[in-house]
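Visitor: Provided herewith is a single structure, encoded as structure tokens, for subsequent inquiry.
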Amino acid sequence: MSSTTRSLFSYLPPTSICLATLVGCLEVLPFGLGGLVSPKDFAIGYGLPLAPPHRGHPGANGAQTDDEDPDSELQKTQKALVQAIAARNIQNGVLILGFAWFWRDRRALGTVVSCGLITTIADTLLVRWYGVQGAIWGHFVGIANSLLIGGSLLYWM
């Protein structure tokens, strides 16, 4: 049994590359495409929910159309910023997957995953300063992933 298991696992890539692949897939799918498709839900999960539109009294200043409503412009801007974050995540995921499977460069992959610390720490601080405090823990998981997976790719050659 032991030799069968050992020979089965001998064909798999190292664990750190498998974990980096998981991170890359997460960056592309839920953190990237999910944010492009549903920016409102993505913003809630990120920890910086979109501000609700301000609705005054319906008869206060006469009827405003959506073209005149400054809140609709604010909503569009917020949605665009969230989708820009999602696009950044797709780019990071494709970069990770490229170094893991196309170029197969372990040191470069470790550098790319470790550099994820920059955006993950910035995201954590932004959520801490401006967002929902309960969502900060997901960003701490991202920091740990960048450190542990990136570090293991760089350390164990």
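Visitor: Could you please tell me which pairs satisfy a Cβ distance under 7 Å, a separation of 6+ or placement on different chains, a first residue in the stretch 114-132 that is over 13 Å from Gly45 (Cα atoms), and a second residue that is polar (S, T, N, Q) and assigned to a helix (DSSP H, G or I)?
Guide: Ser114/Ser146; Gly116/Asn92; Gly116/Ser146; Leu117/Ser146; Thr120/Ser146
Visitor: Taking the stretch 133-144 only, how many residues are of a type outside the set (A, V, I, L, M), surrounded by 14 or more Cβ atoms within 10 Å (Cβ to Cβ) and over 8 Å from Gly47 (Cβ atoms)? Lay out the reasoning, then the answer.
Guide: Applying the first criterion (of a type outside the set (A, V, I, L, M)) to the stretch 133-144 yields 133-134, 137-140, 142.
Those still in the list that are surrounded by 14 or more Cβ atoms within 10 Å (Cβ to Cβ) too: 138-139, 142.
Keeping just the survivors that are over 8 Å from Gly47 (Cβ atoms) gives 142.
Selection size over the stretch 133-144: 1.
Conditions (1) assigned to a helix (DSSP H, G or I); (2) at pLDDT 95 or above, marked per residue:
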residue	(1), (2)
Ala51	no, no
His54	no, no
Gly59	no, no
Thr65	no, no
Glu73	yes, no
Val94	yes, yes
Arg107	yes, no
Val113	yes, yes
Ala122	yes, yes
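The values are calculated or read from the model by the stated rules, or taken from the named source; none is laboratory data. Worth saying up front: this structure is predicted, and the values here are computed from it rather than measured. Glycine gets a Cβ as well: all are built from the backbone with ideal geometry, and neighbour counts include every protein chain shown.
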